[in-house]
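Accompanying notes for the structure given below.
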Amino acid sequence: MANLVKNYFTQDAAQSKFKELLGNRASSFATSVLQVVASNQLLSNADPQSVFNAACMAATLDLPINANLGFAYILPYKDKDKGQVAQFQLGYKGFIQLAQRSGQFKTIAATPIYKGQIVSENPLTGYQFDFTKKESNEIVGYAGYFSLINGFEKTIYLTVKELEGHGLKYSQTFKKGFGLWKDNFDAMALKTVIKLLLSKYAPLSIDMQKAVITDQSVINSIEDENIDVKYIDNEVQPVEITESNWSDLQEMYNAIEENITEEEKINAERILKTKEVNSYNKLLKLLKSK
């Protein structure tokens, strides 16, 4: 099966797609992905199309597939319908990288919080920490923080218990006692606070929206802004689009309303009125095409 993945990557269509996404870096990127596949027997046995789609998403976001760097991963999972498939996952460093590229962030970081470091909690303004007050090596929670160039800032804090509950809710493998939540809880906790912080409170760039949607998914297809995914390790994947994103979409619609068909108007107005998150990218692609 490893040869099947390699053969798939050497097809003209696959090579053309990588060149379209990465230019002269296409060959080295494909080689790095194939090295990851060759080093993992389960991934070697995965459906070649799913491996390729996961690699394309990493290329689209311009994030390397390298476990030592921690930006993005391609992991094997067993699908009850397709057998072994490849799942695309971002690391917390990947989310931070995408945030930094947007040019809107002054600071963004995540860290474990140790016993004694919580100074105060305010339901409106959030938590305050004193990182000099570490009483022991016991981690009681994880915090994420960002500040924007425009002055807005936000902190989020989740206890270890809350993060364990999150993992159990959204990861079937964690419920069964294995997988990333079990093997590397610290990394998954850091990623979770960063992802929740960004998706709930930060301005979401197009790339960040793609990252939130495709993280922890098997990618069935990628066509411009239309991304078809399946969340194999969890049944529900919350994706939050900010009010600013919806306002921008409404302005785009208002500007080109006269150039679309009546049926397209009806669908667009329904999506905008009900704020259908799953239809956001589809409408965005339509409006951009006009």
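The values are calculated or read from the model by the stated rules, or taken from the named source; none is laboratory data. Keep in mind that what you see is a predicted model, and the values were worked out from it rather than measured. With ideal geometry, Cβ positions are generated from the backbone for all residues, glycine too; neighbour counts draw on all protein chains shown.
A few notes on this one:
- Residue within segment 54-63 that is surrounded by fewer than 17 Cβ atoms within 10 Å (Cβ to Cβ) and more than 24 Å from PHE18 (Cα to Cα) present: no
- Only one entry of LEU63, LEU21, LEU69, LEU42 meets the criterion of being touching an Asp or Glu at 6+ places or on another chain (Cβ under 9 Å), hydrophobic (A, V, I, L, M, F, W, C) and touching a residue at least 12 places away in the same chain (Cβ under 8 Å), and that entry is LEU21.
- Of the residues ASN45, ASN68, the single one that is surrounded by fewer than 18 Cβ atoms within 10 Å (Cβ to Cβ), closer than 27 Å to VAL193 by Cα and of a type outside the set (Val, Ile, Thr) is ASN68.
- Conditions (1) in contact with a helix residue (DSSP H, G or I) (Cβ under 9 Å, 6 or more places away or on another chain); (2) surrounded by fewer than 15 Cβ atoms within 10 Å (Cβ to Cβ); (3) on the phi > 0 side of the Ramachandran plot; number of the one not met by GLY83: (1)
- Residue match in segment 237-253 (condition: more than 28 Å from GLU164 (Cβ to Cβ), in a strand (DSSP E or B) and at pLDDT below 90): no
- Conditions (1) over 28 Å from PRO203 (Cβ atoms); (2) in contact with a strand residue (DSSP E or B) (Cβ under 9 Å, 6 or more places away or on another chain); (3) part of a loop (DSSP other than H, G, I, E, B); number of the one not met by LEU63: (1)
- Residue check, ALA54 under 22 Å from GLN84 (Cβ atoms) and either among the basic types (Lys, Arg) or over 20 Å from the mean Cα position of the chain (by Cα) (or both): no
- ILE227 surrounded by 14 or more Cβ atoms within 10 Å (Cβ to Cβ) and modelled with pLDDT of 75 or more: yes
- Within segment 201-221, the set of residues being of a type outside the set (Lys, Arg), buried (at least 17 other Cβ atoms within 10 Å of the Cβ) and in contact with a strand residue (DSSP E or B) (Cβ under 8 Å, 6 or more places away or on another chain) comprises TYR201, ALA202, PRO203, ALA211, ILE213, THR214, ASP215, GLN216, SER217, VAL218, ILE219.
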